[in-house]
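Asker: Structure incoming, see below.
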Amino acid sequence: MKQIIEDLNWRYATKQFDASKKLTNEQLETIKESLRLTPSAYGIQPLKFIFVSSPALREEIKEIAFNQGQVVDASHLLIICSYKSIDESYLDAHVDLVTGIRNTPADRAAGFGEFLKKNILKMPDSDIEPWNVHQAYIALGQVLHTCASMRVDATPMEGFNAKKLDELIGLADQNLKSVLLCPIGFRSNEDNYQHLAKVRKTNDQLFETI
C-alpha cells in the first residue's frame with residue numbers, strides 16, 4: 001500500500017522530456033496491456049489507442065497542440081480516442097468476444113446481447129459520444145498510474161485542437177474522435193517542475209462521510 005502512495009507522489013505533469021531516453025519494449029508492452037485491461041461500461045471498450053511513431057507526424061501534431069514540446073520530445077506519443085457512436089454490429093462483436101472467451105451458453109449470450117442493445121442502442125449519438133469520452137478518462141487514469149509504478153513519466157494533455165487532429169490522421173472515417181494526448185517517456189534533468197512540492201487539498205477539504 002505504501003508503494004502506491006510513493007508512486008503517486010513521484011509522478012507529475014512532466015513539462016520537459018529527455019528526448020534521448022526511450023521506453024524498452026517491455027515497458028511499452030506493459031503500458032499497452034494496462035490500457036487493454038482498463039475497465040469500461042459493460043466492458044465494451046469504446047476506445048482506440050494510437051501510438052504515433054512518425055517523427056514528421058509528431059511535428060505536425062505539435063503545431064496542433066499549441067507547440068508543446070512534450071509531443072515530440074517524449075519517447076512515445078499516445079492518442080486516446082473514443083468511438084462517436086455504437087451500433088448493433090459493434091455490440092454483436094462484443095457479445096461474440098465474451099461468448100468465445102467465457103464459453104457462455106447460447107441462451108445466456110443472447111440474453112446479454114439483448115440487454116446491451118436495450119440499454120445502449122436507445123441512446124442517441126449525442127449521449128453516446130460523451131459517454132464514450134468518459135471511458136477515455138478512465139483509461140488515462142490507469143495508464144498514468146501504470147507508468148508511475150515503472151518510473152516512466154506520462155503527461156495528460158487536453159491542450160490541442162481535436163478537430164484538426166482528427167482530420168490529420170483520418171479519425172472521422174473510423175467513427176473515432178481524439179480525446180487526449182499523452183506523451184510518455186522520461187523527464188529531463190532540466191525540468192524544474194519535478195522539484196516542486198505537490199499541491200493538493202487536505203483530507204478534510206476533500207472527504208466527507210455521511
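Asker: I'm trying to understand the selection: among the residues of region 149-167, which are more than 13 Å from V179 (Cα to Cα) and of a type outside the set (S, T, N, Q)?
Answerer: Across region 149-167, the qualifying residues are M150, R151, V152, D153, A154, E167.
Asker: Restricting the search to region 70-121, which residues are under 30 Å from E60 (Cβ atoms), polar (S, T, N, Q) and touching a helix residue (DSSP H, G or I) at 6+ places or on another chain (Cβ under 7 Å)?
Answerer: S82, S85
Asker: State whether the residues of region 191-209 include one that is of a type outside the set (D, E), in the same structural domain as A13 (by TED's automatic domain parsing) and surrounded by 18 or more Cβ atoms within 10 Å (Cβ to Cβ).
Answerer: Within region 191-209 (the criterion being of a type outside the set (D, E), in the same structural domain as A13 (by TED's automatic domain parsing) and surrounded by 18 or more Cβ atoms within 10 Å (Cβ to Cβ)), the answer is no, since none of the residues qualifies.
Asker: Run L180 past the list (1) within 24 Å of A136 (Cα to Cα); (2) surrounded by fewer than 20 Cβ atoms within 10 Å (Cβ to Cβ); (3) in contact (Cβ under 8 Å) with a residue 24 or more places away in the chain and report the number of the one that doesn't hold.
Answerer: Only one criterion in (1) within 24 Å of A136 (Cα to Cα); (2) surrounded by fewer than 20 Cβ atoms within 10 Å (Cβ to Cβ); (3) in contact (Cβ under 8 Å) with a residue 24 or more places away in the chain is unmet by L180, namely (2).
Asker: Further question: Tell me which residues, restricted to region 138-197, are part of a helix (DSSP H, G or I) and of a type in the set (A, V, I, L, M).
Answerer: Initial filter on region 138-197 (part of a helix (DSSP H, G or I)): 138-149, 162-169, 172-174, 192-195.
The answer is I138, A139, L140, V143, L144, A148, A162, L165, L168, I169, A172.
Asker: So, one more: State whether the residues of region 106-113 include one that is part of a helix (DSSP H, G or I), farther than 30 Å from S53 by Cβ and touching a Gly at 6+ places or on another chain (Cβ under 6 Å).
Answerer: Looking through region 106-113, none of the residues is part of a helix (DSSP H, G or I), farther than 30 Å from S53 by Cβ and touching a Gly at 6+ places or on another chain (Cβ under 6 Å).
Asker: Let me ask you something else. Scan region 29-71 for residues that are more than 18 Å from H134 (Cβ to Cβ), of a type in the set (S, T, N, Q) and in contact (Cβ under 8 Å) with a residue 40 or more places away in the chain and jot them down.
Answerer: Of everything in region 29-71, those that are more than 18 Å from H134 (Cβ to Cβ), of a type in the set (S, T, N, Q) and in contact (Cβ under 8 Å) with a residue 40 or more places away in the chain turn out to be T30, S34, Q68, Q70.
Asker: Let me ask something else about it. Of a type in the set (A, V, I, L, M, F, W, C) and not in a loop (DSSP other than H, G, I, E, B): does that describe L23?
Answerer: Working: of a type in the set (A, V, I, L, M, F, W, C): yes; not in a loop (DSSP other than H, G, I, E, B): no.
So L23 does not fit the description; no.
The values are calculated or read from the model by the stated rules, or taken from the named source; none is laboratory data. It should be emphasised that the depicted structure is a prediction, and the values quoted were computed from it without experimental measurement. FYI the Cβ positions are ideal-geometry reconstructions off the backbone, even for glycines, and counts take in every protein chain you see.
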